[in-house]
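I have placed the structure first, in the form of structure tokens, so that the comments after it can refer back to it.
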Amino acid sequence: MSMMRRIGVAWIALLAVMAHSGCDQAKSLVGGKSGTPGRTVALPGGKISPELESQIERDGEGVRFRRDLVFPSSVSSWIQMTVDYDDVKVVESSAFGREVRTLRHRKVTEVLYRKRPGQLEMTLERMGVQQGAEEVVDGEAASAQPRSPLVGKGIEFALYEKGWGLRRGAGPIEFEKEVWADTLEDRVPQILISCGAHPRVQWFSSRRSWKPGDRITLTGSNLKILDPFDVSGRVVLVFEGVESVGGHPCGVFSVSGEYETRGKVSPDGWRSNVEVSVTSGKIWASLLHPVVLAEDLDTILSEVSWQGKKKAEPIRKYQGRVKVKTSLNWQPEE
């Protein structure tokens with residue numbers, strides 16, 4: 001059996017597991033622990049580390065975003081993302097037909113990334129809804145089920161001559177990892193930026209000083225300050241001041257506007273095209289490196305999602321109010 005055929009068979013098996021997860025598996029996915037040593041949520045607020053405080057660049061006008069510091073070549077980044085669905089309508093189309101649901105729950109995703117020169121390790125530590133959450137299917141309440149069988153598993157990418165790909169060991173082929181890697185490998189450059197392992201390609205000018213009330217309008221490629229994927233739209237940022245995220249000094253901006261992202265990928269390989277209207281929110285951007293360390297956004301979104309590189313069933317369409325909070329526990333390892 002050829003490699004491509006075996007991967008295709010593994011794809012079918014993986015999708016079947018995702019579609020028919022049982023109660024025992026659901027408990028294991030939702031019940032994953034967080035807050036273990038090295039895996040704590042880096043919350044905004046508190047004191048800035050004295051060592052990092054001394055590196056903030058200030059002048060008579062305000063603070064500047066530094067661009068002169070060498071970006072660390074090795075980074076550890078533990079990310080927690082919580083997504084609150086507030087009566088969000090979901091329409092799913094698949095070979096089994098069409099299903100309409102309403103989501104009223106919180107989904108939590110936690111991923112550990114470790115980047116070294118030429119390699120990226122990622123472990124999906126948690127991805128599921130909180131215990132006791134419910135969703136409404138055809139007008140009746142039902143227990144909300146987690147979606148990914150990959151929780152607790154890790155994958156490692158290496159940079160080869162042709163680009164990023166799965167790093168294979170000397171042992172037998174692990175089909176699950178082959179399939180998982182296939183869904184992510186062409187998006188590794190954007191994943192590196194999202195997790196803070198690579199600097200944002202667009203960032204704030206190091207020549208401009210910021211004081212509370214200053215604003216900037218992001219359009220075109222400048223939107224990659226917010227999102228490293230294929231993004232377009234118009235967003236206004238208003239500077240609010242300086243605040244710590246896990247001891248790291250950040251410039252805080254309020255956020256409003258609309259943008260669209262295409263081909264965004266989740267840690268378990270789902271892709272989406274998303275139209276977002278930000279009704280209110282904030283971001284925390286590092287004052288020392290081109291990294292966004294926290295986001296708190298209240299949005300109205302319209303999203304189309306599918307598994308893998310090519311748009312194919314099952315296809316899910318989401319529409320409604322969604323609150324997204326993301327935090328990075330970001331540590332250089334040099």
In whole Hz and in residue order, list the ³J(HN,Hα) couplings for region 87-93 that follow from phi through the Karplus curve 6.51 cos²θ - 1.76 cosθ + 1.60, θ = phi - 60°; x for Gly and Pro. 6, 8, 7, 10, 10, 10, 10
Sequence order, region 301-307: Karplus ³J(HN,Hα) from phi using 6.51 cos²θ - 1.76 cosθ + 1.60, θ = phi - 60°, Hz rounded, Gly and Pro as x, gives 10, 10, 9, 10, 10, 8, 8
Carbon plus sulfur fraction of accessible area for region 56-111, probe 1.4 Å, in percent: 44
With the radius of gyration and the Kirkwood radius both derived from the Cα set of region 233-334, what is their ratio Rg to Rh? 1.03
Residue-normalised accessible area of region 211-334, expressed per residue, 1.4 Å probe, Å²: 40
Net charge within 11 Å of Ser93 by Cβ-Cβ distance, Lys/Arg positive one each and Asp/Glu negative one each, not counting Ser93 itself? 0
So, how do all the Cα-to-Cα distances of region 179-307 break down into 10 Å bins, in percent, from 0 on up? 12, 42, 35, 10, 1
Quick one: net charge of Gly152's neighbours, Cβ under 10 Å, K/R +1, D/E -1? +1
Once phi is turned into θ = phi - 60°, what whole-Hz ³J(HN,Hα) does the Karplus curve with 6.51, -1.76 and 1.60 give for every residue of region 99-113, x standing for Gly and Pro? 10, 10, 9, 10, 9, 9, 7, 10, 9, 10, 10, 10, 9, 9, 10
The answer for trypsin sites (Lys or Arg not before Pro) in region 228-334 that fall in a DSSP coil and have at most 15 neighbouring Cβ atoms within 10 Å is Lys310, Lys311
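The values are calculated or read from the model by the stated rules, or taken from the named source; none is laboratory data. Worth saying up front: this structure is predicted, and the values here are computed from it rather than measured. Quick reminder, even Gly has a Cβ in these numbers, built from the backbone with ideal geometry, and neighbours come from all protein chains shown. Remember, those area values only see protein heavy atoms, side chains included, never the ligands or the DNA or RNA. Shrake-Rupley method; radii C 1.70, N 1.55, O 1.52, S 1.80 Å.
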